[in-house]
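Undergrad: One structure, pasted below without further comment.
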Amino acid sequence: MILRYLDEALEGERLRRSDPYEHAVESMLIAKEGPITMAGYVYVMNQDKTQRETLNEKLLSLYRDINNFLMEHSPEGTFLFESFGLAEAVFTPVFKRFWFLDYYEGFELPVGSDYARVKKWRAACMAHDATNQVTEEEIVKLYYDYALGAGNGALVDGRKVSSFAFQPSWEKRPMPPRDKYETTASDEDLGLFVMDITFNAEDRNPIYVSPNSG
C-alpha cells in the first residue's frame, strides 16, 4: 500500500499500469508477493535441518506458480509488461533479500521450463539500475541473526549485539559462516563489539566506550 501511495503521490512517470485490465493483471501478480516472502523468511529462520527439503520445495512451488503466471501473461517478455513496473518494484526487494537463502541454504532455482521464465524476470528485476541500493554482501551480513532464528533485532543466545547494528558498519565486518546449523559465530567473530553507554556529567551527551578500552 505504501508503494502504491508513493507511486501516485510523487512526481514522475507512474509505475502503476493505467489500463484497467493491465492493472488487474499486475495486481494479481503482486498478490503473490506475500506468500513467497513468508516462505523465504520461514526457510532462512528454520533451525531444524530435517525441514530443509520441505521448506525448499515450498519455496520452489511458489516460484513455479509465478513462472506459470508470467508464461500466461508475458511468455516472450522480460518484465510483466514492456518495462520495469509496479509488480517489479514490489518483488525486487524480496528477490534481493533472498540472497540470504542463496548464502545460508544454498538455494537456487533449478534449470528447466518450470523456472525459466521467472528466472529471466528475477534477473532483469535485480539488474535494473533503480535497484542498486543494496548488495549481496550487505544482506548476508545484516541477516545473519535471521539465519539463526532471531528476527526483528532479537538477540541470539550468547550474543550482545544484533547483526543489524549500525556500528560497526557492515562493510567493516567479515563474512559470517555459511553453515548456520553447525556453527554459531560470536560477536567477535562477526566483527561486532559491545558499546557501553556513559554520559558526560555536564551536558549529558552519551559517550560510547568500548569495553576493552580500559
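None of the figures in this text is laboratory data; all of them are computed from the coordinates on show. What you see is a predicted model, and the numbers here were worked out from it, not measured in a lab. Using ideal geometry, Cβ is built from the backbone for each residue, glycine included, and neighbour counts are taken over all protein chains shown.
Undergrad: For the chain, find the longest principal axis of its Cα atoms and tell me its angle to the long axis of helix 20-30, 0 to 90°, nearest 10.
TA: 40
Undergrad: Once the dipole of the chain is set up with Lys and Arg at +1 and Asp and Glu at -1 on Cβ about the Cα centre, which of T78, Y103, V90 lies farthest towards its positive end?
TA: Y103
Undergrad: Then there is this: Taking the Cα centre of the chain as the origin and placing charges on Cβ (Lys, Arg +1; Asp, Glu -1), which of G12, L29, V42 is farthest toward the positive end of the dipole?
TA: V42
Undergrad: Ok, one more. Under a crude label model (7 Å from the Cα following the beta-carbon direction), how far is S113 from Q47 in nanometres?
TA: If labels sit at S113 and Q47, their model points lie 4.4 nm apart.
Undergrad: Could you work out how far helix 33-45 tilts from the main Cα principal axis of the chain, as a 0 to 90 degree angle to the nearest 10?
TA: That works out to roughly 40 degrees.
Undergrad: Still on this structure, I have one more. Based on DSSP H runs of at least 4 residues, each adding -39500 (n - 2.57), what is the mean residue ellipticity at 222 nm of the chain after dividing by all its residues, to the nearest 500 deg cm²/dmol? Before the final figure, lay out each step's value.
TA: Values: 9 runs with 96 residues, N = 214.
Helix-only estimate at 222 nm: -13500 deg cm²/dmol.
Undergrad: If exposed GluC sites (Glu not before Pro) are those in a DSSP loop with at most 15 other Cβ within 10 Å, what is the longest stretch of the chain that has none?
TA: In the chain, the maximal stretch lacking such sites is 109-181.
Undergrad: If I take every Cα pair under 8 Å that is 6 or more residues apart in the chain, average their sequence separation and divide by the length, what percent do I get for the relative contact order?
TA: Across the chain, relative contact order equals 17 percent.
Undergrad: Against the longest principal axis of the chain, how steep is helix 52-73, in degrees 0 to 90 to the nearest 10, with axes from Cα atoms?
TA: It works out to around 40 degrees.
Undergrad: Mind putting a number on the dipole of the chain about its Cα centre? Charges go on the C-beta only, +1 for Lys and Arg and -1 for Asp and Glu, and I need it in Debye to the nearest 20.
TA: Details: 23 positive and 35 negative charges, 59 e Å.
Computed about the Cα centre, the dipole is about 280 debye.
Undergrad: Which pairs in the list K49/K96; K96/K120; K32/K58; K119/K141; K120/K141 are over 20 Å apart, alpha-carbon to alpha-carbon? Mind dumping the intermediate values first?
TA: Numbers: K49/K96 24 Å; K96/K120 15 Å; K32/K58 14 Å; K119/K141 24 Å; K120/K141 26 Å.
Pairs exceeding 20 Å: K49/K96; K119/K141; K120/K141.
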